[in-house]
Amino acid sequence: MKIKIIGNSNTWFSRPNTNFVIDDKIIFDTPQSCTKFMWDNVDFSKIKLIIISHFHSDHFADLHIMLDICKKHNKSMTVIGPKNLFKKLKTLFKIFEHDYSKKYISKFLNIIEVKPNQTIKFENYQIDVFEMKHSCSPALGYRLQKTDCSKTVGFTGDTCWCDGLLELVKKSDILFADSSSLKKNNSHLCVEEILQLKKMFPQKLIYSVHVPDEILNRFNTKLSIPACQEVVNVE
């Protein structure tokens, strides 16, 4: 798998919000403005699947623009996300006064609403769904397994310490983990918890994303923080 880190930050900093493009065909999360950061280095005509972790704006807001991209290229995409994904997308169109676009959802987007412990097959990928714990409910993490790749890759989305997180770490060889906080809380993982995961699972490669500037500057030698536009190859 080839994983391109489009952004590694969150809403409050100048770096792009965290999202990924996998094998040039899968987008993980569609935060606000992500399409601008992908515009010159992603071939949208190749995108076949979008995965949504939860409905906060820095993970979801640009999904309505992806529908416009589908219309432009006259192609369909599959979108996987939590319960009420279809309803939330229609609400976005209403808020942004794009109600006329709702009629194109069923034409261009194959929406699949998933729940924890579910497995989805898409082409040569197996996608396993995990329950995360975040201030937004539902919040999901995902593990991707590709038939021609020996290693599995997990994406936490946003989460605090929870059973679903530990299960995702156990079942993934490589993890892209929310690392937003300096102190323990009930919404995001903190630096101490990421370092604890590294000690608990020394054989795993854990990348920190969704990282604020202070953590980037203070802990860049202790955490594995991929740069924006960096490509991680998984074999």
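Every number here is computed from the coordinates shown, using simple stated rules; none is lab data. This structure is a prediction, so every number in the text was calculated from the model and none was measured. As a convention, Cβ positions derive from the backbone with ideal geometry for all residues, glycine included, and neighbour counts pool all protein chains shown.
For the reader, a short list of remarks on this structure follows.
- Some residue of segment 111-123 being of a type outside the set (A, V, I, L, M), surrounded by fewer than 18 Cβ atoms within 10 Å (Cβ to Cβ), in a strand (DSSP E or B) and touching a helix residue (DSSP H, G or I) at 6+ places or on another chain (Cβ under 7 Å): yes
- On the stretch given as segment 70-91, residues that are closer than 13 Å to residue 107 by Cα and among the aliphatic types (A, V, I, L, M) total 2.
- Within segment 132-150, the set of residues being in a loop (DSSP other than H, G, I, E, B) and either of a type outside the set (Val, Ile, Thr) or buried (at least 19 other Cβ atoms within 10 Å of the Cβ) (or both) comprises 132, 133, 134, 135, 136, 137, 138, 139, 148, 149, 150.
- Residues of segment 22-62 that turn out to be over 24 Å from residue 138 (Cβ atoms), of a type in the set (A, V, I, L, M, F, W, C) and out of contact with any strand residue (DSSP E or B) (no Cβ under 7 Å at 6 or more places or on another chain), as a count: 2
- Residues of segment 151-182 classified as buried (at least 19 other Cβ atoms within 10 Å of the Cβ), over 21 Å from residue 112 (Cβ atoms) and aromatic (Phe, Trp, Tyr), total: 1
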